[in-house]
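Input: a single structure, listed below in structure tokens.
The values are calculated or read from the model by the stated rules, or taken from the named source; none is laboratory data. This one's a predicted model, so the numbers in the text were calculated from it and none came from an experiment. Because the Cβ atoms are built from the backbone with ideal geometry, glycine has one as well, and the counts that use them run over all protein chains shown.
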Amino acid sequence: MPALEELRAAYAAAGQDHVFTFYDSLTSTEQASFLTQLASIDPARITHIASSVLSSITFPDSTPGEITPLPSAATASLLTASSADIAKWYDAGITLLAQNSVAVVLLAGGQGTRLGSADPKGCFDIGLPSHASLFELQAHRILGLQRLVQDTTGVTKVVIPWYIMTSGPTRAPTEAFFSKNRYFGLAPSDVIFFEQGVLPCIDNSGKIMLDTPSSVAVAPDGNGGIYRALVQQHVLADMAARGVKHVHAYCVDNCLARLADPVFLGFASSRGVAVATKSVPKRAPEESVGLIVSKNKRPAVIEYSEISTEMAAARAEDGELALRTANIVNHYYSTSYLADIPEWPESYLPYHVARKKIPCTDLTTGTRIAPASPNGIKLEQFIFDCFPQLQMSEFANLEVRREDEFSPLKNKAGTVGEDDADSSRADLLRQGKRWLLAAGASFDDDVLGVEVPPLISYAGEGLDAAKGKHFSDTCLLTL
Ligand code: UTP
């Protein structure tokens, strides 16, 4: 058991010894598990983080920096690129996949509070004819792509390892879902779960909050926790052992996500960049999306609130929004870039404040509080906060079509009216219809679309057998 006196001293030195308020009244089992948890936390680090986030709230940075669109040398767009360029990127990506040098990392540690489902978001059924969950769609996209690469290159075994980042709340149910569904046909040894870290929740004066008298209230450390987790959970070592050189990271809630997209991999690797992103065109000046921009000549993602209404509405020479690169959290990393994470200083990724309702124990009465309004702070890191450490020459962005690649599941259907199961399902069905029309099928006018399973087509290819078919209903495609 960790030494009580040492821990008391460390917490006292950090101004956090209130965590021991109820210690003497705990059972010996509770004391033991509490000390184990306290030993896993560095109280001085938490106090340091707390004081820096609280002072940045009090004294916000008043130097916004020079924000401009990404330089054209760092960007390309599938909306305007020549078919020859797209084919070149695609072929380059297929080659990397055939070399078994590509891995996919899924960010699935979020708690999906807006969606409000008890299960992890990836288990969600968006109401497709097949009732496939988001996890199933994504698993089958990997499986379909592995087969596609094998068929087109003649390589007998293509493996795209899938690293799934969970968090304390999502790990057990995510693993159980995969196991119940037999890993959706993937080899279990190529689906690797790992867990992001947690950080203590703090109150508005920077004090660590107690969940119960014998436990600290903790929350996942944000999707930026990926970097620390990749190292601490030995993911980078596993990638190195498998010969992985290129990594695609994406969010669980996007039913259209193209995992290990050959076009994106070929684009990024042919430019030799450390990091690349995908963006979609921002819909309108007032759309509240993060933007990928140049800030002080470095790549950065900014919140929509960081620019003026005039800047948001400014138009480029082509008439499109000048700042239009909406962030969809789809990243390419070279593993040589990720290999440097252990050298990153603590200041590399700042902490952000998320004010939340945090159930906790009242230190004076010992009673548990379920607050009706935000009473504390969850500390989060963001995955894109390392971008400003890159030179612009180490970074590239590929603009893709929103209707083909981005439809996030954020909200409960019938609440906000967008980015919910209804819009996700409709976007996927419409995409299937576009692919089938291009393949020579026809539809009754009132048919919204058809579900094309990823095992039949990864991105619209392989649908020749649908030529001449007619669809009079929304259905699951079988060929
Ligand atoms: P969001 O920020 O949209 O969070 O996550 P969320 O948990 O899905 O939903 P809300 O905000 O609670 O309603 C964007 C992506 O980042 C992942 C999510 O799983 C999602 O894929 N994420 C978020 C993590 O992996 N870890 C985190 O700590 C937070």
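Out of Ile192, Ile202, report the one residue that is farther than 24 Å from Ala421 by Cβ, surrounded by 22 or more Cβ atoms within 10 Å (Cβ to Cβ), among the β-branched types (Val, Ile, Thr) and at pLDDT 95 or above. Step by step, each of Ile192, Ile202 is checked, and only Ile202 is farther than 24 Å from Ala421 by Cβ, surrounded by 22 or more Cβ atoms within 10 Å (Cβ to Cβ), among the β-branched types (Val, Ile, Thr) and at pLDDT 95 or above.
For Met392, the conditions (1) within 27 Å of Tyr227 (Cα to Cα); (2) within 16 Å of the ligand (Cβ to nearest atom); (3) surrounded by fewer than 20 Cβ atoms within 10 Å (Cβ to Cβ) are fulfilled apart from (2). Just one residue in the set Ile160, Ile126 is crowded, with 20+ Cβ neighbours inside 10 Å, in contact with a Ser or Thr (Cβ under 7 Å, 6 or more places away or on another chain) and among the aliphatic types (A, V, I, L, M); that residue is Ile126.
Considering each residue of the range 103-123 in turn, at least one proves to be more than 16 Å from the ligand (Cβ to nearest atom) and either in contact (Cβ under 8 Å) with a residue 60 or more places away in the chain or outside any helix (DSSP H, G or I) (or both). Would it be correct to say that Gly222 is crowded, with 16+ Cβ neighbours inside 10 Å, at positive phi, in contact (Cβ under 8 Å) with a residue 60 or more places away in the chain and within 16 Å of the ligand (Cβ to nearest atom)? Yes, satisfied.
Within the range 376-401, residues that are within 21 Å of Val263 (Cα to Cα) sit with their Cβ atoms under 9 Å from residues that are within 16 Å of the ligand (Cβ to nearest atom) and hydroxyl-bearing (Ser, Thr, Tyr), at 6+ positions apart or across chains, in these pairs: Phe395/Thr277; Ala396/Thr277; Asn397/Thr277; Asn397/Ser279; Leu398/Thr277; Leu398/Ser279; Glu399/Ser279; Val400/Ser279.
Within the range 406-458, take every residue that is of a type in the set (Val, Ile, Thr) and more than 16 Å from the ligand (Cβ to nearest atom) and give me the one that is surrounded by the most Cβ atoms within 10 Å (Cβ to Cβ).
Once the filter is applied, the top-ranked residue is Val452.
Residue by residue, here is whether (1) of a type in the set (A, V, I, L, M, F, W, C); (2) away from the ligand (no atom under 16 Å from the Cβ); (3) touching a Phe, Trp or Tyr at 6+ places or on another chain (Cβ under 6 Å); (4) farther than 30 Å from Val53 by Cβ holds:
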{"residue": "His131", "(1), (2), (3), (4)": "no, yes, no, yes"}
{"residue": "Ala139", "(1), (2), (3), (4)": "yes, no, yes, yes"}
{"residue": "Gly154", "(1), (2), (3), (4)": "no, yes, no, yes"}
{"residue": "Pro161", "(1), (2), (3), (4)": "no, yes, no, yes"}
{"residue": "Gly185", "(1), (2), (3), (4)": "no, yes, no, yes"}
{"residue": "Val191", "(1), (2), (3), (4)": "yes, yes, yes, yes"}
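On inspection, Leu70 qualifies as in contact (Cβ under 8 Å) with a residue 40 or more places away in the chain, under 30 Å from Glu394 (Cα atoms) and surrounded by 19 or more Cβ atoms within 10 Å (Cβ to Cβ).
The strands (runs of 3 or more DSSP E) found wholly in the range 252-354 include none carrying at least 3 residues that are without any contact (Cβ under 8 Å) to a residue 24 or more places away in the chain and either in contact with a Lys or Arg (Cβ under 7 Å, 6 or more places away or on another chain) or more than 30 Å from Asp420 (Cβ to Cβ) (or both).
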